[in-house]
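The values are calculated or read from the model by the stated rules, or taken from the named source; none is laboratory data. All figures in this text were calculated on a predicted structure; none of them were measured in a lab. Note that each Cβ is placed from the backbone with ideal geometry, even for glycine, and that neighbours are counted across all protein chains shown.
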Amino acid sequence: MTQILIVEDNGDYAGDMAEFLTELDHEVTIATTAGEMWAALTKTPAAVVVLDLGLPDEDGFNVIPRMRQLYPEIGLLVLTGRVAFDNRILGLRLGADHYLTKPIKFPELAAHIEALDRRVRPQEPQLPQPSKWTLKVSARQLELMGAVIDLTEKECNFLHLLTINTRPVPRQVIVAGMGGEDPEASRRVDMLVYRLRKKARSGLGQDLPLRSAYGEGYSLSAGFTLS
């Protein structure tokens, strides 16, 4: 038996899916909005979340990295009508384990869920390790052991994006966050990273724990605390 949370705003479709999975002896809960999903996860543990991207209150592409940060042990299966190849790549890079598109036959969906549950089992919760890096989002500051540097809006947004993702953030996602694709966008990302590294080294006395993953994007090699 797998504990499954279905996040789908089409009530009839979610009900049919839940009925099929329940007949296979799975324990199923339904949420029709992102808000209901976050509330359900605080009350009932889930081994697998089946996530529709087109939710009425929050886009699923924003849900995925936050889910990965808060519940890294949960298996995340996207089931959506967004069939574009770029959407598939983005969903997987942001942290989805599987990316499936509608329409899908429920026996195939069940097979994906069962395979995912075998690979991603709920683990014993681990106490978070204290981080010496603190990103103060509202103040746009980065703190390290009492030393503080001021950040520009784009520098702060860049670090915040990396902080809420447990996997490398693709360059195209960073570019989109800086105003979209244009011939100079990629160069601006490189310049932003260069300035951030230089600012941290001179103002905080330590290299920024920023890792460049070739072909994937950027990630942090140390934990950051948000405040």
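Numbers below:
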read-out	value
Among the candidates 27, 8, 23, residue that is of a type in the set (D, E, K, R), at pLDDT 95 or above and out of contact with any Phe, Trp or Tyr (no Cβ under 8 Å at 6 or more places or on another chain)	8
Test: residue in segment 91-100 that is over 24 Å from residue 218 (Cβ atoms), without any contact (Cβ under 8 Å) to a residue 24 or more places away in the chain, touching a helix residue (DSSP H, G or I) at 6+ places or on another chain (Cβ under 9 Å) and not in a helix (DSSP H, G or I)	yes
Qualifying residue in segment 46-56 (condition: closer than 16 Å to residue 170 by Cβ and either free of Cβ contacts under 8 Å to residues at least 24 places away in the same chain or surrounded by 16 or more Cβ atoms within 10 Å (Cβ to Cβ) (or both))	no
Residue 84 vs. criteria touching a strand residue (DSSP E or B) at 6+ places or on another chain (Cβ under 9 Å) and at pLDDT 90 or above	no
Selection count where residues are outside any strand (DSSP E or B), closer than 21 Å to residue 117 by Cα, of a type in the set (A, V, I, L, M) and out of contact with any Asp or Glu (no Cβ under 8 Å at 6 or more places or on another chain), scope segment 1-58	7
Search result, residues across segment 59-71 that are surrounded by fewer than 16 Cβ atoms within 10 Å (Cβ to Cβ) and either touching a strand residue (DSSP E or B) at 6+ places or on another chain (Cβ under 6 Å) or assigned to a strand (DSSP E or B) (or both)	59
Checking residue 204 against (1) under 16 Å from residue 154 (Cα atoms); (2) modelled with pLDDT of 75 or more, the condition it does not meet	(1)
Residue within segment 18-41 that is surrounded by fewer than 14 Cβ atoms within 10 Å (Cβ to Cβ) and under 18 Å from the mean Cα position of the chain (by Cα) present	yes
Selected residue (only one of 51, 79 is at pLDDT 95 or above, closer than 16 Å to residue 7 by Cα and in contact with a helix residue (DSSP H, G or I) (Cβ under 6 Å, 6 or more places away or on another chain))	51
Enumerated strands (runs of 3 or more DSSP E) restricted to segment 110-180, each holding at least 3 residues that are at pLDDT below 90 and loosely packed, with under 12 Cβ neighbours inside 10 Å	none
